[in-house]
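These notes concern the structure reproduced below.
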Amino acid sequence: MATDTLVTISLGKEKQAAMDRFLAKGFPTNKWEEWKYASLKSLNDVDWNWNTSEAPAATPLLAIETALHVQTLNGKFSVHSALPQGIEILEFDAFAQQNPNFIAGWIHRNPILEQNSLYDLNEALTSSHQVIWVKAGTILDRPILHQYVADVSIASAIQSKVLIYLEKGASLTWVDDLSTLSSSESILSNYVQEIWVEEAAQLTFVKTQDFALKTTHIDHTFIFQQGNSQVDMFTFSINGGFVRNNLHFYVDGENVLSNLNGLYVPGNNEFIDSHTVVDHRKPNCESNELYKGVLLGNSTGVFNGKIFVRPDAQKTNAFQSCKNVLASDKATMNTKPQLEIWADDVKCSHGTTTGQLSDEALFYMRSRGISEEAAKTLLMLAFVQQVIDKVEIPELRDSISNRVVAKIQQALGV
Amino acid sequence: MLSIKNLHARIGEKEILRGINLEVKAGEVHAIMGPNGSGKSTLASVLAGREHYEVTDGSVDFLGKDLLDLAPEARAAEGVFLAFQYPVEIPGVSTTNFMKSAVNEIRKYRGEEALDAVQFLKMFKEKMAYVNIDQSLLSRSLNEGFSGGEKKRNEIFQMAVLNPKLAILDETDSGLDIDALRIVAEGVNKLKSPDNATIVVTHYQRLLDYIVPDFVHVLYKGRIVKSGTKELALELEEKGYDWIISALVD
């Protein structure tokens, strides 16, 4: 078994504790409620290389002319642009030494890690833990483009971990461009991002995922928001054999706005699973969640959206919507909205729909001379475009749009 | 141009068209009238190729082609246009993009070169004048949040762009106030030529004050039970349908 070799790796005390937690639980199986559709049991059969330090050169999929460039290649982080004033990128240990007050609060952050053994695996094995530190009042007018690439010649398990820290009043646009370049080898890409958004800070976060069929990508994005802050999150899952996105928002201050946008277009033999949590812990906050999926070929999708409204979180507005189109008879979508509301003065709504394209709309379009396949494509592109159009960086919007359009057209044979 | 012979159609087990016969020549305007449930909209839908109706008997010849044998998109490319009673809302697709796709697909069917952006711009500008429609409406999602009048004007704009040989207007007057009705009717009249024909399906005579028919047919229980000239429509307006129906019983 692949995990057997983990026992022989020598680790420091804290990392060993994390490793012990992982080994006690193992890879998730579908006996775990949170992994009902998404067993990772087969990862036990792969002879993983757990230490991926070599880093060949990689070509970025995405180019944004104005962006600052940083890169994670096989788990190794590097900075490729001169950083402007007000932002620093450094190792977690060095950051912790300079920010004891932050760390004092940070260690109590307490994200929901139940049934998440991969987080422990990441903590045990990750060799670099970078901090992107945006200092108080710094408004970065250029986006940071983080190119995250796996490119390996043997089956590899890759861990990486980033902390983004936005101090009071800071503003950042972060673009996560995730991909695997090697299509012939199995890859386990296990990626943890923890994001701390202080008072009145603002973050736009766009994540694109474009992985090979043999890639298993586990994403843990945990966002902690303080008062008067705003986060606009986008997750575009374009390709990937197995993608699991754990996206958590912990709302720890008042007057917070959290926007979660997601789009997934799994194709043949692909599995994309979006598990989101919005945890409203303080009053007068708003969250808007809009997820859309087009399921092609024999793909499977999962949307599990949890919203907690804790007893203190009066006057919460929490909205959730997940809409899916099954583009083929062989595609499957599993949706599960979960609302736990403990406060009485709140507005919450949720709705999930999964269906086929409207026959009425198709006939209307065909009656104007548009072929059935072209009409379907047009309707699906319109369906997904509503999420894509919310992205404000033109090159990024075009790149996402082109990749999504190409994938849908290819699947429909137009 | 259009020759319908003994057309029977049903939906599920219910027979709705029970032997329609109709000849339409180029340059003519035909009005199909009749009480609710007589099969007027079914006839329009069957001609455009809506799939949930099953044609059980009869034939439809359109310019020498068997219309019933063609897919809806092929009928459009051959020159049939249906203005919908309830135009469908299509979020995320603008009218201009919709019409660009339609025009170029039809041109492809006919073996013609695709139009480019400049040619479209020029054509749209010209056609917009027919129904006094605004550019901003055409840039919005097709029919989404449009008023009844805007939807119908948009239908006639599409008709102007596609320039059909046979236009079928299905209850185009429903939901329109008198000003909108006039604008829509004027658009239809401007598009009339000796080479094309129009079938107006309507419940009320009102629309026929503006789009003057050469022939009026009364449809009842799936058959054309009376045909006449425009005076028949006025008579129906005055006396209702009962006198025709009771004459049938006798």
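Values in this text are rule-based calculations from the coordinates and carry no lab data. Because the structure is a prediction, the values reported are computed rather than measured. All Cβ positions, even for glycine, are placed from backbone atoms using ideal geometry, and neighbour counts span all protein chains on display.
With 23 Å as the limit, the listed pairs A:Lys207/A:Lys292; A:Lys330/B:Lys14; A:Lys31/A:Lys306; B:Lys125/B:Lys152; A:Lys36/A:Lys407 have A:Lys330/B:Lys14; A:Lys36/A:Lys407 beyond it between alpha carbons.
Dividing the alpha-carbon radius of gyration of region A:4-412 by the rule-of-thumb value 2.2 N^0.38 Å gives 0.97. Relative to the globular-protein estimate of 2.2 N^0.38 Å, the Cα radius of gyration of region B:135-182 stands at 1.17. Here region B:131-250 is treated with +1 on each Lys and Arg Cβ and -1 on each Asp and Glu Cβ, and its dipole about the Cα centre works out to around 340 debye.
Dipole orientation for region A:4-412: of the candidates A:Pro143, A:Ala104, A:Phe27, A:Phe27 has the Cα lying most toward the positive pole (charges on Cβ; Lys, Arg +1; Asp, Glu -1).
This model, with +1 at the C-beta of Lys and Arg and -1 at the C-beta of Asp and Glu, gives region A:4-412 a dipole about its Cα centre of some 560 debye. Within region B:95-177, the trypsin sites (Lys or Arg not before Pro) that combine a DSSP coil assignment with at most 12 other C-beta atoms in a 10 angstrom radius are B:Arg110. Summarised in one figure, the compactness ratio Rg/Rh of chain B, Cα atoms and Kirkwood Rh, is 0.96.
For B:Glu231 and B:Asp179, what is the calculated FRET efficiency with R₀ set at 22 Å and r taken between the beta-carbons, to the nearest 0.05? The pair B:Glu231/B:Asp179 has a calculated efficiency of 0.25. Each Cα pair under 8 Å and six or more residues apart adds its sequence gap; the mean of these over the residue count of region A:204-258 is a relative contact order of 48 percent.
In order along region B:183-197, phi translates into HN-Hα couplings of 4, 5, 5, 4, x, 4, 5, 5, 7, 5, 8, x, 9, 10, 10 Hz, rounded to whole numbers, per the Karplus curve 6.51 cos²θ - 1.76 cosθ + 1.60 with θ = phi - 60° and x for Gly and Pro. For chain A, the relative contact order comes to 10 percent (Cα pairs under 8 Å, sequence separation of at least 6).
Take each residue of peptide B:38-49, count the partner chain Cβ atoms within 10 Å of its Cβ, and average: the result is 1. Computed extension gain for A:Gln115 through A:Tyr37, at 0.36 nm per residue and net of the alpha carbon distance, reaches 26.7 nm. In loop segments of region B:1-42 as defined by DSSP, the GluC sites (Glu not before Pro) with at most 12 further C-beta atoms inside 10 Å of their C-beta are B:Glu13.
Computed from the C-beta positions of B:Glu112 and A:Leu412 and an R0 of 25 Å, the FRET efficiency is 0.55 to the nearest 0.05. Shielding value for B:83-93 is 5, the average number of Cβ atoms from other chains within 10 Å of each residue's Cβ.
In a fully extended conformation the segment linking B:Ala129 and B:Glu144 would gain 3.2 nm over its present Cα-Cα distance, using 0.36 nm per residue. The modelled label-to-label distance for the pair A:Ser10/A:Asp359, using points 7 Å beyond Cα in the direction of Cβ, is 7.0 nm. Straight Cα distances below 20 angstrom link B:Lys25 to the lysines B:Lys5, B:Lys40, B:Lys65, B:Lys165, B:Lys190, B:Lys192, B:Lys226, B:Lys230, with same-chain residues fewer than 8 positions distant left out. Mind giving me the FRET efficiency for A:Ser81 and A:Ile139? R0 is 22 Å, r the Cβ-Cβ distance, nearest 0.05 is fine. So, using R0 = 22 Å, E works out to roughly 0.80. Taking B:Pro91, B:Pro72, B:Pro35 as the candidate residues, the one with maximal mean-square fluctuation in a Gaussian network model of chain B, Cα springs under 10 Å, is B:Pro91.
Across peptide B:136-146, the average count of Cβ atoms from other chains found within 10 Å of a residue's Cβ is 1.
Backbone amide hydrogens, once placed in the peptide plane, bring A:His129 within less than 5 Å of A:Phe92, excluding anything fewer than 5 places away on its chain. With a cut-off of 19 Å on the backbone N, the residues of region A:312-331 near the modelled label site 7 Å out from A:Asn255 along Cα-Cβ are A:313-318. Region A:99-125 and region B:41-118 have their alpha-carbon centroids 59 Å apart.
Starting from a Cα-only point model with no solvent, please compute log10 I(q)/I(0) by Debye for region A:306-407 at q = 0.12, 0.13, 0.14 1/Å. Values returned for q = 0.12, 0.13, 0.14 Å⁻¹ are -0.62, -0.70, -0.77.
The helix-only estimate of mean residue ellipticity at 222 nm for chain B, built from DSSP H runs of length n ≥ 4 each weighted as -39500 (n - 2.57), is -12000 deg cm²/dmol after division by the residue total. Put simply, the amide H of B:Gly92, placed in the peptide plane, has neighbours under 5 Å in B:Ser141, B:Leu142, leaving out anything fewer than 5 places away on its chain. Relative contact order for chain B: 28 percent, from Cα pairs under 8 Å spaced at least 6 residues apart, divided by residue count.
Once both labels are positioned 7 Å from their Cα atoms along Cα-to-Cβ, the gap between A:Glu88 and A:Thr66 label points is 2.7 nm.
Highest mobility in the GNM of chain A, judged by mean-square fluctuation with C-alpha springs under 10 Å and restricted to A:Leu113, A:Leu121, A:Leu188, is found for A:Leu113. Given the options A:Ile89, A:Leu290, A:Ile9, identify the residue whose Cα lies farthest towards the positive end of the charge dipole of chain A (+1 on Cβ of Lys, Arg; -1 on Cβ of Asp, Glu). Of A:Ile89, A:Leu290, A:Ile9, it is A:Leu290. In this simple spin-label approximation, A:Ile154 and B:Ala247 carry label points 7 Å from Cα along the Cα→Cβ vector, and these lie 9.5 nm apart.
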